[in-house]
Amino acid sequence: MAYMTELLALVERVAGWAGHGEAVEAYVARSHHAEVRAFEGEIESLSSADTEGIGIRVIAGGRQGFAYAASLDEAIVAETLAEARDNATFGTVDEFAGLALPDGVEPADIDLWQHELAEFPTDAKVALALEVERATRASDTRIRGVETAGYDDVSSEAAVASSEGVRASTRRTVCSVYVDAMATDGTQTQTGYGYSVARRPGDLDVAKAAADATHRSTRLLGARKPPSGRLTVFFDPMVTASLLGLLARALSGEAVLKGRSMFADRQGESVGASALTLVDDPTNPLAYGAGRYDAEGLATRRNLLLDGGVVAGFLHNSYTGRRSGTASTGSAVRGGFKGTPGVGSRALTLTPGDQSQEQLLARFGEGLLVQSVTGMHSGSSPVSGDFSVGIEGLMVRDGSAAEPVREATVASTLQRMLHDVAAVGGDLEWLPGSAAGVTLVVGDMSLSGS
Amino acid sequence: MIDDTVAQRVLGTALRTGGDFAEIFVEDRRSSSAHFDDGRVEQLSSGRDRGAGIRVVRGDTTGFAHTSDLTETGLAAAAEAAGAAARGGGGGVREIALTRRDEPRPAGVEILPQDVPKAAKVELLQTADDAARSEGGAVRQVSVSYADGRRQILVANSDGLVATDDQVRTRFMVQAVAAGDTGMQTGYEGPGATVGFEMYDDVDVAEVARTAARRALAMLKARPAPTGTLPVVLRRGAGGVLFHEACGHGLEADLVGKDASVFRGKVGEMVASPLVTLVDDGTYGREWGTYAIDDEGHEAQRNTLISEGALTDYMWDFLRARKEGRDSSGNGRRQSYQHLPMVRMTNTYVLAGDDDPDEIIRQTPHGIYCVQLGGGQVNTATGDFVFGMTEAYMIEDGEITDPVKAANLIGNGPEVLQAIDAVGNDFDTWAGTCGKDGQGVPVSAGQPTLRVSAMTVGGTAR
């Protein structure tokens, strides 16, 4: 905690440098990152690094300027403020420009920091990396190697303060083991990913990571290009999580304000199946994107986005909230100290149904189980709604997973997919990143193959 | 950036606990950007990031640490951490004599962006916004970004090398949104080069903006992309992404060394149509992926990867080359001093062939004509790859007809390379950011207009 106090003291000092008629916000972030990579029973690399920096926003006369520096040296911080001030003189005057104002919302009582990680010895990290690689290679004679295997952890702290009275600090730990397995049947190679993520190393499940990678790679062996057609698609939880990420971009208040959202002017209207209730809730400590405060220092909160298929709300930071005539939803996000606060989701989750993936396959009988997708960002757009991705997976026949398929795509539009959602699984799982995964069943998608 | 004598002592510290090789990579990066959106200059941003990454290699293990503290004390602490991470055993004192190599060829930058008044940068944004909106009322939104960066690097290692580079890059990006009865569509254009502000002598920002706007407008009339396998003609320039994904990554020696590439063990074999000669060239003009030295201090090179269909060589960084007892090919790159280097592409392109581009289209009875691609992804172990079309048209009876909606194309690298059956006599390049293992670096891709006889198109139309 001593260091947190030091970070807060620094941002408060910078906020105090605000001159007459100007608002200043300082954001500092500091993180410690360790990474161990294992390959063929040896340590391939071991990295250990501390990163820190400050980002300063200045708003004067309705104009915004920003500057950052990867240093907390007092002289450099002062230069950074001067640079942000100078930058502010070039903006266009915007009556809505401004920093976040304290809104009285109390932050959730959650603690995402596990001190155990700080004291976890390097040798133990090395052992976990070696073990996930070894366990994967030993799991099945068809595993011919691993592409990447390792252990990773990050402890991060951030503090933000402004001349408008905001004062907040957050900290969190997260660690993971991961492995990319390569399986062969003598003629073909297939790959599969496995991981385990936790807030403290004691909760990591190395055996599960290895078993998942083996299962996912070996079950694709013998995969062929399927014939084209229209069918029901079952998205594996990890794929659903990235789909939700794409969808959430259209639920950002910034996209709505700037005419880049298919949901603009649709608040209160039904845009999807009644099975769809989508929430972004960074106050849920199970979410890896959880946090007590957003990137502008306002308390995070639970935001309902889709309610039974109806657009219930949008995410806002203080600027988009003010300009939309509402208020911030505590959804300011930034990519570290080098960026200004945008709007984004951090802990998306669909309200789960009550059936397992197996039960869903049995219920719908026929279709395609998509294990992984490629090109989520090259062939799909949250603006137009066009959706097209490369897939690997298994055909579903007679109610269970059948032959593996590869080198094919599935496509539709996001608008249609929302209406075509046939079921949400009960297999909710919090994944690294900003969403929870769950099996999602979407009817009538185009499979393009031979 | 740091004195040779300091570098020398820090390298000694790095090797104190044993280790075969030590390296200091120092980086000082200044960036500035300006963003215009929704009819207004939203903000200017500037940043400063500097620090050093130190690695120690011992056997097959690399230890790495980085610091933003460039004093000798800070560097020595990082050196000790990296040495400990490499789990040194033997130890002992090693003297390192550093030899300054001839300074690399001058960066050739005429106008340093940091010397350009901010107002001049902002003016470009307004010009672009006006131009995009002048394409018609259906253009509803325009987002324009100006960005420049200067990256000064120094590499010193225990083999005695000291080398420096001063890299300046400039980029301009426009995204337009058009709306009509069919919904919304986006259009994008984003030229970038390893040059200073003089880029704007050649690049007309109004034209960049009009291109983005016209692209969004054209896509409003797009029909759903087809499904199934079709011939695909890739217009000069953007189609280079196909090679970046279909074989570029698979020719990176780190992936080959881990037996995670379908191109392992294929040197000397025909891996592509004889029409294909593929080059990775870090020295190429002022392209987006050009530099004087890579991030391990090795000079950039022009490397032929595929010659008339035959695989000639992979791309190499220091570690992988050392293992094979050969020289690096100048492809060791890293996102920043906070990252370990690995094998990366630079400017990867297919040399022009003999065919008339118009004739290639005329001789395609039914297919897809891709004008712009929006990036891709590959699984090098299986060779399967995708790339997205962001502006594409149908070819019917040898004529370009309706635009088709955005979709991914999917194929298998080795199969697609063999299926290239026409290569045009034109050429162009495309600037992008390549992501690998969490690190992004600037690259370009290029090719003449060419045709793949069959690829799977990920649309929805039957």
Shape of the range B:319-393, Cα gyration tensor, a/c cut at 1.5: prolate
The protein assembly as shown shape via C-alpha gyration tensor axes, a/c threshold 1.5: rounded
A:Arg142/B:Asp397 FRET efficiency (R0 60 Å; Cβ-Cβ; nearest 0.05): 0.80
Inter-label distance, nm, simple model (7 Å from Cα along the C-beta direction), A:His115/A:His20: 4.8
Amide H contacts under 5 Å for A:Val271, placed H, 5+ residues apart: A:Val310, A:Val311
Dipole axis of the protein assembly as shown (+1 Lys, Arg; -1 Asp, Glu on Cβ), positive-most option in B:Phe172, B:Gln8, A:Met376: A:Met376
R0 of 56 Å, Cβ-Cβ distance A:Ser324-B:Ala97: FRET efficiency to nearest 0.05: 0.30
Highest to lowest packing among B:192-200, B:379-387, scored as the average C-beta count within 10 Å: B:379-387, B:192-200
Charged-residue dipole, Cβ positions (Lys, Arg, Asp, Glu), the protein assembly as shown about Cα centre, Debye nearest 20: 1060
The range A:320-336 - phi-based ³J(HN,Hα) in whole Hz, Karplus 6.51/-1.76/1.60, Gly and Pro as x: 5, x, 4, 5, 7, x, 10, 8, 4, 9, x, 10, 6, 10, 9, x, x
Candidate lysines - alpha carbon under 16 Å from B:Lys405, same-chain residues fewer than 8 apart omitted: B:Lys221
Between the range A:301-325 and the range B:28-52, the Cα center-to-center distance that results, in Å: 28
Span from the the range A:31-69 Cα centroid across to the the range B:128-162 one, whole angstrom: 21
Spin-label model distance (nm) - B:Asp159 vs B:Glu324, 7 Å beyond Cα toward Cβ: 1.5
Listed residue (A:Val310, A:Ala67, B:Thr67) projecting farthest to the positive dipole end of the protein assembly as shown, Cβ model: A:Val310
Check: chain B dipole with +1 on Lys, Arg Cβ and -1 on Asp, Glu Cβ, in debye: 1220
Cα-projected label distance for B:Asp259 with A:Glu429, points at 7 Å along beta-carbon direction, nm: 2.8
Assigned charges on the beta-carbon of Lys, Arg, Asp, Glu; chain A dipole about Cα centre (debye): 1000
For peptides A:231-238, B:65-72, sequence by mean Cβ density within 10 Å, most packed first: A:231-238, B:65-72
Distant-in-sequence amide H partners of A:Asp444 (H built 1.01 Å from N, under 5 Å): A:Leu231, A:Thr232, A:Val233
B:His244, A:His419, A:His20, A:His115 arranged by Cβ crowding within 10 Å, fewest neighbours leading: A:His20, A:His115, A:His419, B:His244
Estimated [θ] at 222 nm from DSSP helical runs (n ≥ 4, -39500 (n - 2.57)) normalised by residues in the protein assembly as shown, nearest 500: -6000 deg cm²/dmol
Exercise: per-residue mean of other protein chain Cβ atoms within 10 Å, A:50-56: 3
Relative contact order (%) - chain A, alpha-carbon pairs under 8 angstrom, separation at least six: 16
Amide proton proximity set for B:Val41, modelled H, under 5 Å, gap of 5+: A:Thr92
Residue with peak Gaussian network fluctuation, chain A [Cα springs, cutoff 10 Å], from A:Gly353, A:Gly308, A:Gly202: A:Gly202
Sequence of A:Asp354, B:Asp317, A:Asp50 once ranked by neighbouring C-beta atoms within 10 Å, starting from the fewest: A:Asp354, A:Asp50, B:Asp317
Signed unit charges on C-beta, dipole axis of chain A, positive-most listed residue A:Gly291, A:Gly259, A:Leu244: A:Gly259
Exposure proxy order (Cβ contacts within 10 Å, fewest to most) of A:Ser356, A:Ser45: A:Ser356, A:Ser45
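Only the coordinates and a few stated rules stand behind these numbers; no lab work does. Model, not experiment: these values are computed from the prediction. In this analysis, Cβ positions are derived from the backbone assuming ideal geometry, glycine residues included, and neighbour counts consider all displayed protein chains.
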